[in-house]
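What follows is a short report on a single structure.
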2 protein chains.
Amino acid sequence: MKKILSAAAALLLGVGAFAQQNIFMGAGVDSPVINEDGTVTFRYQNPKAIRVQLTGDFLPTQKMETQFGTFESAGIVDLKEGQNGIWEYTTDFKVAPEMYNYSFTVDGKSGVLDPNNSFVNRDVATLTSLLLVPGDRADLYAIHRVPHGTVSKVWYPSKTAGFDRRMTVYTPAGYEDNPKAKYPVLYVLHGIGGDEDAWVTQGRATQILDNLIAQGKAKPMIVVFTNGNISQEAAPLENSTGYVKATMGLPQTMEGTFETAFGEIVSFIDGHYRTIAKKQSRAICGLSMGGFHSLYITLNNPDMFNYTGLFSAAIGTGSEERATYKNIYENVDGKLATYFSKKPALFWIGIGNSDFLYNANTEFRKKLDAAGYPYQYMETDGGHIWRNWRIYLTEFVPKLFK
Amino acid sequence: MKKILSAAAALLLGVGAFAQQNIFMGAGVDSPVINEDGTVTFRYQNPKAIRVQLTGDFLPTQKMETQFGTFESAGIVDLKEGQNGIWEYTTDFKVAPEMYNYSFTVDGKSGVLDPNNSFVNRDVATLTSLLLVPGDRADLYAIHRVPHGTVSKVWYPSKTAGFDRRMTVYTPAGYEDNPKAKYPVLYVLHGIGGDEDAWVTQGRATQILDNLIAQGKAKPMIVVFTNGNISQEAAPLENSTGYVKATMGLPQTMEGTFETAFGEIVSFIDGHYRTIAKKQSRAICGLSMGGFHSLYITLNNPDMFNYTGLFSAAIGTGSEERATYKNIYENVDGKLATYFSKKPALFWIGIGNSDFLYNANTEFRKKLDAAGYPYQYMETDGGHIWRNWRIYLTEFVPKLFK
């Protein structure tokens, strides 16, 4: 009788025969496990496999030499087969607090997710399993029992695009219960290939906001995560065109259209939320392509933003020369002079010391230095990676609207 | 120069070295592809694999005999290896319009996602790749260029649970632009193991609502997707307790606590949204455990809901006898009499003809028939699966608030 009840309970899960199979067969393996001594154990059950490896960004990196230069690549280690075909690997070091990506390589096939871990991340078309080791700054990336803001998927009519487009809007805890309060607004932009979900999933931005606000380290603010691919309506699953294969060649990404169209986003937000609709209460930041966008949106609208953050900004790639709206990228020196003459509260630059955009950002800083324009600068270890962008957001947000 | 630019563009994607690797190496294989003749082709690149199979709920089902009875199981077919280790399979039949789940089995290891398809679905701890074949009813599951509602993740203070809990709230297109309009509310409940995301991801509920409302087939309404696991704050990634392994044994799921606490959810929604806060403008429905919840929330609050939908309701499993709050499940005949004496607008039951809960639902209908209580009934092919629950939602929603 007990057996029948538990089988019935399993079937009540509300899943198809398909998934039920996995539930019946996949149980019993714990992975990943953060051990008491700070090491982490990974397990993968597959009696038929000949070799199982693990790659993840907590492992020491390897240098990868290519014709385009030297890049860092995640390390890779072997799991050892034990009883019942359960492969296992435990780090021989404490894994520092951070949010990490990992996956298995099974008989040479890379990118195999950990089937026992439902923390999965999509980045463009690549899925990885997630490991969040709590502590230190990584505690900002976790959910805590603090007041939570509301995270909404909102569609706005884009005249530029000719169709409705989706954005993610964070309203801080208390927004609904204080119907007369007005709030400053931070716009947060993603990289090429990302979308309006990227900062919320990999960036853990809404957790960072909840936690910084609860700790009194950041002002309550509205945060808007735009989709910077103006030719798309929304993230892959939410397009009327169906599945959009990840590609390097999305049109209208770094050629001026999005920068030109940004005003319609600001107007929509000011028209639909209780914002303090003036420069003193507006900030913008972005990673990679989003840093490039943030720079040019700021320079072409010198009265719009009082705070600008460039996170590993994709400047100096030559896209300015191939632009549709070349005027957006022209006369940078003059635009910088106008912008800084208005004394913005904060111009902030962050980059990793092995980022392939490091030199371009250094050149840009030299230009600012030569002109005597004030800015704040943060240099971190590592390259063009989410770990750095989360760090930059946690540094940038507390400086806003003070 | 061209090569360097495209490599630079690839690196601009805003992803770590880790994911970049996959982008460099994984390109070039299209899968899945809906062909002009209505067949579908699946491809999987793996030169080292010995056998690659495909399983999915569009394939003819197989009967699976177990000690608990006969269940349907998804079919499985072999892919054939071609050039460059690209395995391929094309259906020998037109695939009917529907949203399907599928995955590969590589050398006996099941549950391998299609690495070229970023449409991925999480159900409890199981991930599957998605295939949406457009046409007929499946068009309701797709995004179209129609006005879209806003989908928000909202936290409410649960006195019963003792902490804040998350729900998903859909406000229809026009809600923000008509600040004096008031709307009816539909509450939609998930199955055991699901959460406040389930109906939005697998259920495609917000697409169904957008499309039915745009077609004039449903009234604009607020829709609330609750989390029926009262011991949890939210879906797996959004819990302060970190990763919660999928389990059959979540406490407080079908023992009366959630049903008892439902009033605090209704109060929160009526307090924070422009609702028509009365029975005539309230509906509730749910699948499996959510159908069970919907039944008992309705019967214990006969003045709360004018429309109730039971989708493959998990009644007759014996959980009522093991309940903490037994009173919720007692005196069903008396509660039915009271409820139906108040002449609700709609009591709706849907179930698949091979659902393991078919007999229990038939018994329940016999009870209603014997007493002469009016209800509407829909019987579909297949079992305890999302395909049926999506169908039931598309049938139920147009009947509301007329």
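Each value in this text was obtained by applying a stated rule to the coordinates, not by laboratory testing. Please read these numbers as outputs of a predicted model, since none were measured by experiment. Backbone-built Cβ (ideal geometry, glycine too); neighbour counts: all protein chains shown.
Here the 3J(HN,Hα) profile of segment A:82-93, calculated from phi with Karplus coefficients 6.51, -1.76 and 1.60 at θ = phi - 60°, is x, 5, 6, x, 8, 8, 9, 9, 10, 4, 9, 8 Hz, Gly and Pro shown as x. Set the Cα radius of gyration of segment A:141-399 against 2.2 N^0.38 Å, with N its number of residues, and you get 0.95.
To the nearest 10 degrees, how steeply does helix B:205-214 sit against the main Cα axis of chain B, on a 0 to 90 scale? So the inclination is approximately 80 degrees. Among B:PHE356, B:PHE104, B:PHE225, a tally of other beta-carbon atoms within 10 Å of each Cβ gives an order, fewest to most, of B:PHE356, B:PHE104, B:PHE225.
Taking the Cα centre of segment B:31-133 as origin and assigning +1 to Lys and Arg Cβ atoms and -1 to Asp and Glu Cβ atoms, the resulting dipole is close to 300 debye. Across the copies of the chain, A:VAL146 has label points (7 Å from Cα along Cα→Cβ) spaced 4.1 nm apart, shortest distance listed first.
Note on segment B:31-133: semi-axes of the ellipsoid equivalent to its C-alpha gyration tensor, largest first and rounded to whole Å, are 22, 17, 14. With respect to chain B, whose longest principal axis is taken over its alpha-carbon atoms, helix B:17-26 is tilted by about 70°.
The calculated Kirkwood hydrodynamic radius for segment B:349-402 is 12.0 Å, given to one decimal from all distinct C-alpha pairs.
In segment A:95-208 the Cα-Cα distances spread across 10 Å bins starting at 0 as 11, 32, 34, 17, 5, 1, 0 percent of all pairs. Computed from the Cα positions only, the extents of the protein assembly as shown along the three principal axes stand at 89, 64, 57 Å, in decreasing order. A viscosity of 1.002 mPa s and a temperature of 20 °C, combined with the Kirkwood radius over Cα pairs in Stokes-Einstein, give a translational diffusion coefficient for segment B:256-402 of 137 µm²/s. Return the aspartates and glutamates within reach of A:LYS80: Cα separation strictly under 17 angstrom, same-chain partners fewer than 8 residues apart disregarded; answer none if there are no such residues. Within the straight-line limit of under 17 Å, A:LYS80 reaches these aspartates and glutamates: A:ASP30, A:GLU88, A:ASP92, A:ASP107, A:ASP114.
Exposure proxy ranking for A:LYS159, B:LYS278, based on other Cβ atoms within 10 angstrom of each Cβ and starting from the fewest, stands as A:LYS159, B:LYS278. Our summary gives segment B:31-133 a relative contact order of 29 percent, counting only alpha carbon pairs under 8 angstrom and 6 or more residues apart. Using C-alpha pairs under 8 Å with a sequence gap of at least 6, the mean separation divided by the residue count of chain A gives a relative contact order of 11 percent. By other beta-carbon atoms within 10 Å, ranking B:SER281, A:SER288 with the fewest at the front produces B:SER281, A:SER288.
Mind checking which of B:SER129, B:ALA218, B:MET99 is farthest towards the positive end of segment B:70-221's charge dipole, using Cβ charges of +1 (Lys, Arg) and -1 (Asp, Glu) about the Cα centre? After comparing all options, I get B:ALA218. Once backbone amide H atoms are built at 1.01 Å from N, B:ALA218 has B:ILE213 as its partners under 5 Å, excluding neighbours fewer than 5 places away on the same chain. Evaluating 6.51 cos²θ - 1.76 cosθ + 1.60 at θ = phi - 60° for every residue in segment B:140-153, the Karplus couplings come out as 5, 8, 9, 6, 10, 7, 10, x, 10, x, 9, 10, 10, 9 Hz, glycine and proline recorded as x. Within the straight-line cut-off of under 20 Å between alpha carbons, the lysines reachable from B:LYS342 are B:LYS278, B:LYS279, B:LYS367, B:LYS399, B:LYS402, sequence neighbours fewer than 8 places apart in one chain being disregarded. Note that segment B:327-344 has calculated 3J(HN,Hα) couplings of 4, 4, 9, 8, 6, 4, 4, x, 5, 4, 4, 4, 4, 6, 5, 8, 6, x Hz, one per residue in order, obtained from phi through the Karplus relation 6.51 cos²θ - 1.76 cosθ + 1.60 (θ = phi - 60°); glycine and proline are x. Annotation for segment A:97-128 versus segment A:337-402: alpha-carbon center distance of 31 Å. The residue in chain A that lies nearest, by its beta carbon, to the axis linking chain A with chain B is given here with the distance in whole angstrom as A:SER152, 2. Across the identical copies, the label point of A:ILE76 (7 Å from Cα in the Cβ direction) is separated from its matches by 2.7 nm, in order from shortest. Label points for B:ARG274 are taken 7 Å from Cα along Cα→Cβ. From this copy to the others they lie 1.5 nm apart, shortest first. Residues whose amide H lies under 5 Å from that of B:GLU98, counting only those 5 or more places away or on a different chain, are B:VAL133; hydrogens are built 1.01 Å from N in the peptide plane.
Seen against the Cα atoms of chain B and their longest principal axis, helix B:2-11 is set at about 30 degrees.
Taking a straight line from the alpha carbon of B:LYS182, these aspartates and glutamates sit under 18 Å away, with near neighbours fewer than eight places off in the same chain left out: A:GLU176, B:ASP210, B:ASP270.
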